[in-house]
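The values are calculated or read from the model by the stated rules, or taken from the named source; none is laboratory data. These figures come from a predicted structure and were not determined experimentally. Virtual Cβ from ideal backbone geometry, glycine too; neighbours counted across all protein chains shown. Keep in mind that these areas ignore ligands, DNA and RNA; they rest on the heavy atoms of the full protein, side chains included. Shrake-Rupley method; radii C 1.70, N 1.55, O 1.52, S 1.80 Å.
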Amino acid sequence: MKKSILGLAFASLVSATQAMSADYDVTITNVTSGSIFTPIYVISHKPGIKLFELGHPASSELAAIAEGGDFSSLATSLQGDSRVVDTADSAALLADSGGLLLPGASVTVTVRAPNGPGQVSLASMMLPTNDGFIALNGVDVPRNERTVSYYSPGYDAGSEPNDELCVSIPGGGPCGGGQGGSPGAGGEDYVHIHSGIHGIGDLSSSDHDWRNPTAYITIKRVKN
């Protein structure tokens, strides 16, 4: 009898835990005509995590994404943070395109998240830019099976100057040979809305400039 009671209690606990979280499909669509997104890093978390704040300096982890598409430092910094529920990225899903999300293309990344209150953040570098990126910064997930949608503008990390020179921009698109980064050079030193491509260096504004938004993002609760 005691075993039956314990079994029922355990089953109820598992059921309650499952009801408190769910899988969410996060679909990112590149709505530019001439920009490419590096592998997109998606985080599901409880409230309190912010990747950046407009008007304030970018963290070194965000700058690494905006300047070179490298999210490994951010992933490391989030390890052990009790507010983080799940993380995933789009690299393997876009293997045929080298992990890059091309103009007009979409990719769906699935993460586990609290059914409420739960949030999603994501970030990815825009190519070809010096330190441009797309992002969601702690947006709410839907509490039922409806879909919520968000738009991302092009953000600028302000961590290096926008010289539009391929030597300062990592590979991908017209700057396939670039290494990325501008050693010793400073940018605006705060995160702001990117002003686009102006054709002052190696880049053609007619080919790579944009008008915001740059990405259309939907979050849908998956029926478990």
inquiry  = So residue 53 ticks every box in (1) over 30 Å from residue 199 (Cα atoms); (2) at pLDDT 95 or above; (3) in a loop (DSSP other than H, G, I, E, B); (4) not hydroxyl-bearing (Ser, Thr, Tyr) but one. Which box is left unticked?
reply    = (1)
inquiry  = For the list (1) farther than 15 Å from residue 44 by Cβ; (2) without any contact (Cβ under 8 Å) to a residue 60 or more places away in the chain, I need the number of the one condition that residue 106 fails.
reply    = (2)
remark   = Within the stretch 190-221, restricting to residues that are part of a loop (DSSP other than H, G, I, E, B) and among the polar types (S, T, N, Q), the one that is farthest from residue 36 (Cα to Cα) is 195
task = Identify the single condition in (1) open to solvent by less than 40 Å² (accessible area, probe 1.4 Å); (2) at pLDDT 95 or above; (3) among the acidic types (Asp, Glu) that residue 89 does not satisfy, given that it satisfies every other one.
result = (1)
ask   = Tally time: how many residues in the stretch 153-182 are among the small types (Gly, Ala, Ser), assigned to a loop (DSSP other than H, G, I, E, B) and at pLDDT below 80?
value = 8
task = Looking for whichever is open to solvent by 50 Å² or more (accessible area, probe 1.4 Å), in contact with a helix residue (DSSP H, G or I) (Cβ under 9 Å, 6 or more places away or on another chain), under 17 Å from residue 135 (Cα atoms) and assigned to a helix (DSSP H, G or I) here; the options are 77, 73. Which one fits?
result = 73
query = Just wondering, is there one or more residues in the stretch 38-56 that are in contact with a helix residue (DSSP H, G or I) (Cβ under 7 Å, 6 or more places away or on another chain) and of a type in the set (D, E, K, R)?
reply = no
message = Tell me whether the stretch 138-156 contains one or more residues that are closer than 17 Å to residue 68 by Cβ, open to solvent by less than 10 Å² (accessible area, probe 1.4 Å) and polar (S, T, N, Q).
response = no
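Taking only the stretch 112-144 into account, find how many residues are under 30 Å from residue 176 (Cα atoms) and part of a strand (DSSP E or B). Reasoning before the result, please.
Just the residues of the stretch 112-144 that are under 30 Å from residue 176 (Cα atoms), to begin with: 121-137.
From what's left, part of a strand (DSSP E or B): 121-127, 132-137.
Matching residues across the stretch 112-144 total 13.
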query = What pairs can you find where one residue is in the stretch 38-50 and under 14 Å from residue 69 (Cβ atoms) and polar (S, T, N, Q), the other is open to solvent by less than 30 Å² (accessible area, probe 1.4 Å) and not in a strand (DSSP E or B), and their Cβ atoms are less than 9 Å apart, with a gap of 6+ or different chains?
reply = 38/65; 38/69; 38/99; 38/170; 38/172
remark   = Checked against (1) touching a Ser or Thr at 6+ places or on another chain (Cβ under 8 Å); (2) crowded, with 17+ Cβ neighbours inside 10 Å; (3) farther than 22 Å from residue 72 by Cα, residue 106 satisfies every condition except (2)
